[in-house]
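Any read-out appearing in this document is the output of simple, stated calculations on the displayed coordinates, not a laboratory observation. Just so we're clear, the structure is a prediction, and the values are computed from it rather than from any experiment. Positions of Cβ are generated from backbone atoms using ideal geometry, with glycine treated the same way; all protein chains shown enter the neighbour counts.
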Amino acid sequence: AHLDRIAEVDGAVHAFLHVNTEGALAAAAKVDERIAVGEVASPLAGVPLALKDVLTTVDEPTTVGSKILENWLPPYDATVTERLRAAGVVILGKTNMDEFAMGSSTENSAYGPTRNPWDLERIPGGSGGGSSASLAAFEAPLAIGTDTGGSIRQPGAVTGTVGVKPTYGTVSRYGLVAFSSSLDQAGPCARTVLDAALLHEVIAGYDPMDSTSINEPVRPVVEAARQGATGDLKGVRVGVVREFRGEGYQQGVIDCFDAAVQQLRDLGAEVVEVSCPHFEYALGAYYLIAPSEASSNLARFDAMRYGLRVSGEGELSAEQVMSLTREAGFGPEVKRRIILGTYALSAGYYDAYYGSAQKVRTLISRDFSSAFEQVDVLVAPTTPTTAFKIGERIDDPLAMYLNDLCTIPSNLAGNAALSVPSGLAAEDGLPTGLQVMAPALADERMYRVAAAYE
Ligand code: GLN
């Protein structure tokens, strides 16, 4: 049914870069056999899923939305991919994304934009616009995204779906094509909080193949979502981040947020206002740290080892081939980030830029720590505005970067955060998202609150 739905609507939505029709049907048949002999007991066995094209798959290309990896068939499955297969989840295909996950609209994909199913003239968010759009268009019931600065939560908010960034280090990055290694985190996307929780427990867990993987038991997020669904938040302390409103925020987004906070109160939560004074510097710090790490990570696309090679005319040096290849293979946003990053890391500037950004990162972590001494979770809007029109911000990188204002602090600090639909903005009828943030390794708290609110 989902493959039929994809055939019907994906020409207009373009959520997928690759649909694995035969592979998915074969995998589904195999799951039936495994269930029959008691080999697989996961509640998600047989459930189809859309996988962001940044996670490697041995049976489908992994392009990361870039020409430099066009048609690249990875030699190994990502740990996330492996865990999905082991649980019997059926991978339908790979979803569209901003090139190397750099963007907030999916317009930076080298393969054309994804459209928001709520309004095809609008962006579905990014970088994981394909994953969230596939859910909103009912092409898949579950999807996987990755969140470096908001790429799961922001597409979730603007497509009216749930998106979760688990605590950094709890979902393996092995086989996740690196953008910014200290920030990248894969997580579940779904249409309900409980579905996201079920998927969370499949993909999370220690992995010796990832040096930043945390060796701790998986958080009991399914139980927390079930508990939350009873609609009782008595004894839960919720902090409203004071800094996330005012100039730049759409009125309808603020109204939905205020209504959500009132609903949390009605469910029994104790709501207080909390100040996080350094959050306003998060965007600036992020746009030094993420490009710095990207400039280093993307050095591996050297035209020698794998991916695109542009050999040019006549006898060229390795350096010339590398240069021609990177010129042709990377899009404008990726080049912008590499240049920003190499500049920020260069001798003489390193302390002023990269060093200062790392200090800001520490101050943001401290803001979270002192907030979480007073409250169990923090809430804020996920995005300052609803989905904007395709093309509207593509020539203005700063306007594009402002989308991530509310999501970035949790990436810098590494704590857990999710977005749950919070109704439609009055002025344009488009979805908004309530962001719920929890301390690192306390992901279950945000699931409970989001499931109660949902
Ligand atoms: N929009 C942010 C960026 O462009 C975040 C992207 C992400 O989370 N992958 O970097």
TYR306 paired with GLN374, simple spin-label distance in nm, labels 7 Å along Cα-to-beta-carbon = 4.8 nm
task = Take TYR76, project a point 7 Å from its Cα along the Cβ direction, then tell me which residues of region 289-314 have their backbone nitrogen under 18 Å from it.
result = 300-301, 305-307
message = I'd like the Karplus ³J(HN,Hα) series for region 164-174: coefficients 6.51, -1.76, 1.60, θ = phi - 60°, whole numbers in Hz, and an x wherever there's a Gly or Pro.
response = 10, 9, x, 3, 4, x, 9, 10, 4, 9, 5
ask   = In percent, what relative contact order does region 2-227 have, based on Cα pairs under 8 Å that are 6 or more apart in sequence?
value = 19 percent
inquiry  = For a protection proxy built on the mean count of beta-carbon atoms within 10 angstrom, sort 402-411, 356-365, 42-51, 187-196 highest first, please.
reply    = 402-411, 187-196, 42-51, 356-365
request  = Report the extension gain between LYS359 and LYS335 in nm, rounded to one decimal, defined as 0.36 nm multiplied by the number of residues separating them, less their alpha carbon distance.
outcome  = 6.0 nm
Among TYR286, ILE35, TRP72 the positive-end extreme of the charge dipole of the chain (Cβ point charges) = TYR286
task = Could you work out how far the C-alpha centroid of region 216-235 sits from that of region 386-454, in angstrom?
result = 21 Å
ask   = In whole Å, how far is the Cα centre of region 32-102 from that of region 251-293?
value = 32 Å
ask   = Separation between the LEU424 and ALA41 pseudo-spin-labels, each 7 Å from Cα along Cα→Cβ, expressed in nm?
value = 4.4 nm
task = Taking the convex hull of the Cα atoms, report for region 383-452 its projected area averaged over all directions, in nm².
result = 5.5 nm²
key: Ordering of 430-437, 267-274, 33-40 by packing [mean C-beta count within 10 Å, highest first]   = 430-437, 267-274, 33-40
request  = Averaging sequence separations of C-alpha pairs under 8 Å and six or more residues apart, then dividing by the length of region 111-231, give the relative contact order as a whole percent.
outcome  = 21 percent
note = Taking every C-alpha to C-alpha distance in the chain and binning by 10 Å from 0, the per-bin percentages run 5, 22, 33, 26, 11, 2, 0, 0
note = A student applying the Cα gyration tensor rule (rounded when a/c is under 1.5; otherwise prolate if a/b is larger than b/c, oblate if not) would label region 205-286 oblate
query = Modelled label-to-label distance, SER296 and ASP395, 7 Å Cα→beta-carbon offset: nm?
reply = 3.6 nm
Amide H contacts of LYS52 (H built 1.01 Å from N, under 5 Å, at least 5 apart or other chain) = THR95, ILE144
query = What is the gain in length, in nm to one decimal, between TYR350 and ARG366 on full extension, counting 0.36 nm per residue of separation less the C-alpha to C-alpha distance?
reply = 3.4 nm
key: Cα-centre dipole for region 301-404 with unit charges at Cβ (Lys and Arg positive, Asp and Glu negative), debye to 20   = 80 debye
query = Using Cα pairs under 8 angstrom and six or more residues apart, how large is the relative contact order of the chain, in percent?
reply = 19 percent
ask   = Looking at region 82-165, which GluC sites (Glu not before Pro) are in a loop (DSSP not H, G, I, E or B) and have at most 16 other Cβ atoms within 10 Å?
value = GLU121
ask   = Considering only PRO381, ASN20, TYR350, whose Cα is most displaced toward the positive end of the charge dipole of the chain, charges sitting on Cβ of Lys, Arg (+1) and Asp, Glu (-1)?
value = TYR350
key: Gain in span if fully extended, THR21 to LEU402, counting 0.36 nm per residue against the direct Cα distance   = 133.4 nm
request  = Using a/c under 1.5 as the rounded threshold, could you call region 2-227 rounded, prolate or oblate? The axes a ≥ b ≥ c are square roots of the C-alpha gyration tensor eigenvalues, and prolate needs a/b larger than b/c, oblate otherwise.
outcome  = rounded
